[in-house]
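Have a look at the structure below, then the notes.
Please treat every number below as a calculation from the coordinates, not as lab data. From a predicted model like this one, the values you see are computed outputs, not experimental measurements. Reconstructed Cβ throughout: ideal geometry from the backbone, glycine too, with neighbour counts over all protein chains shown.
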Amino acid sequence: MDNALEKEIKSRFVGIEVFTPQKDRMTIKIRKENLLGIIKFLKDKEFNYLTAVTCVDWIDENEFELIYHLSSFHDPAHIMIKKRIPRENPSFTSIIPIFKNSQTYEREIHELFGIYFEGNPRLTPLFLENWKDKPPFRKDFDTREYVKETYDSIPTLEEYK
Amino acid sequence: MSQRELELFFGPQHIGMVGNFSITLNVKGDRIVEAKANPGYLHRGFEKLMEYKNWTQNFPMVCRINVIEPDSMEMVYAMAVESLAGIEVPERAHYIRMIVLELARLASHLFGAWAYSNMLGFDTVAQWAMAYRDYMLDLFEELVGGRVYHIYICPGGVRRDLPDGFEEKVMKFLQALGGHVPDFDAAFFNNRIFYERAKDIGKIDAEEAVELGATGQVLRAVGIKYDIRKIEPYAAYNNIDFEVPVREDGDAYSRLWVIRDEMLQSASIIMQCIEKMPKGKVYTRTPNPFKWIIPEGETYVRVESSRGELGLYMVSNGGNRPYRVHFRTPSFTNGILILEKLLENASIADVGNIMISLYVVAPEIDR
């Protein structure tokens, strides 16, 4: 990865911030309307492997952060594309038109964080079954509390007698 | 005779299924029309659990994510913590880590060879592979006290130095295994039955493999030479001379040959590590686990596990435990979209064949 790429990204897209915190790592903060454009641009620049899509729940700022990890088969660089979205009725654009394999990652985030992805035809449950509670990976879902409520109410053998 | 379309549940309790995994198949006759993978049979939620535990408590937990090859999980967690906290790893620890990682890769590939040859009915070869894996578990037991979970590669280095005479035992084992390679080849890899059963089964071309996010053997079996150990060397892999085996055809046969060649490369890496290993410290002391605060930051680290690219994205908000961890596991990409794609139009008899050749390990998929 070279500085030319950084310059080109900055000149092509408005309203984005580019950081290079360390060698071979780049973080790009984008606006929603830039998402497909910038991912397509990087894909054509040989960053044609979508490694993962991550979601982070920043509950204090009342925001979710979506992170798209892109890497290349020839370059040790790793690019993270970040976008924060509001926590109420969260929804975002699917990147399936560019990376087909984002389907499973978006399914995962939809299930575990409750974010809706427009354009993803398969937001069906992936891991959970008949889940009625709030999405379990959100910070306001307490796993220990849930386990206590769900399983601690089972009487012990002595109590049962 | 007209054939109805039926829904068939394959696994998790099924003789042809390995691991906690199931596939819903829509079949017409014995042809599969559509396949849907259902990975949710473990319900551990380790990513969430790790947010509740401090930096040290997480270390014995990460290895549980991949049961068959736990060491690369430990490695990726250790690398993430080291990157966030700025911990230097002693040179000797890098070499010990490589030895352990390659031993684990070898053990995992032997396990894979067992599963595949057993599925095809090569019982003898399967037993050989399993027996050699068992010798390796003995080596691990001597090294760390545990056979399956090692909890050895910790942030800052490794837990303790190699026991006396360990290098010789590893060399002796590798020589024994190396001496057996011609037998493995004659009985299995060059066997006509293996060729007939695996050739053109689960075939995928390079373009589609990249599009669906293939990794590891699936990617290398379509001719793409992609290995994190080469592209972004961690530990001391840049001091080691090794090849990345590739094949062109993208079918189960190619994937198994890639696995076989990787085993030979792993053995060669271990021998080079033992030869080049410097003397010295094996760990950098980390702070008291209960008072260990890691500064705010985020990191993405990756290693080449036995199944492909394994990544870890970790965020610290300046506390005594991670704010968020997200694992990018190789089976997550290979085990859902690619499996579903390859099962289309396959016959029911080949489901196990395709699944095992993709080298999927179900616990990795679950979150």
Residues whose placed amide H lies under 5 Å from that of A:His78, excluding near-sequence neighbours: A:Arg25, A:Met26
Would you mind ranking B:Thr24, A:Thr124, B:Thr286, A:Thr104 by Cβ crowding within 10 Å, fewest neighbours first? A:Thr124, B:Thr24, B:Thr286, A:Thr104
Be a star and scan region B:124-165 for residues whose amide nitrogen sits under 14 Å from the point 7 Å along the Cα-to-Cβ vector of B:Arg44. B:148-151
HN-Hα J in Hz across region B:122-136 - Karplus 6.51, -1.76, 1.60, θ = phi - 60°, x for Gly and Pro: 8, 5, 5, 4, 4, 5, 4, 4, 5, 5, 5, 4, 5, 4, 5
Alpha-carbon centroids, region B:230-254 and region A:67-93: separation in whole Å: 27
As I understand it, the value is the acute angle between the Cα axis of helix B:252-276 and the longest principal axis of the Cα atoms of chain B; what does it come to in degrees, rounded to 10? 20
Rounded to the nearest 10 degrees, what's the angle between the helix B:166-184 long axis and the longest principal axis of chain B, both from Cα atoms, 0 to 90? 10
Whole angstrom only: what separates the Cα centroid of region B:351-365 from the Cα centroid of region A:135-158? 32
Using θ = phi - 60° and Karplus 6.51 cos²θ - 1.76 cosθ + 1.60, couplings along region B:339-354 (whole Hz; Gly, Pro as x): 4, 4, 5, 6, 6, 4, 6, 7, 9, 4, 5, 9, 4, x, 4, 5
Taking other Cβ within 10 Å of each residue's Cβ, how do B:Glu141, B:Glu340 sort, fewest first? B:Glu141, B:Glu340
Find how many whole Å separate the alpha carbon centroid of region B:259-287 from the alpha carbon centroid of region B:118-186. 14
Label-point separation (nm) for B:Ser347 and B:Glu142, each offset 7 Å from Cα along Cα-to-Cβ? 4.7
Under the Karplus relation 6.51 cos²θ - 1.76 cosθ + 1.60, θ = phi - 60°, what is the ordered set of whole-Hz ³J(HN,Hα) values for region B:186-199, x standing for Gly and Pro? 5, 7, 10, 5, 9, 7, 4, 5, 4, 4, 5, 7, 10, 5
Modelling each spin label as a point 7 Å along the Cα-to-Cβ direction, I'd like the A:Arg122/A:Lys139 distance in nm, to one decimal. 3.2
By how many degrees, between 0 and 90 and to the nearest 10, does the Cα long axis of helix B:71-85 differ from the longest principal axis of chain B? 40
Could you please rank B:Trp55, B:Trp292, placing first whichever residue has the fewest other Cβ atoms within 10 Å of its Cβ? B:Trp292, B:Trp55
Could you check the simple spin-label distance between B:Val181 and A:Glu158, using points 7 Å along Cα→Cβ, in nm with one decimal? 6.2
Cβ-defined net charge surrounding A:Asn62, 13 Å radius [Lys, Arg +1; Asp, Glu -1]: -3
Just to verify a number: FRET efficiency for B:Arg192 and B:Asp30, C-beta to C-beta distance, R0 = 25 Å, to 0.05? 0.55
Provide the gained length on full extension for the span A:Val18 to A:Arg84, in nm with one decimal, where the gain is 0.36 nm per separating residue minus the Cα-Cα distance. 22.3 nm
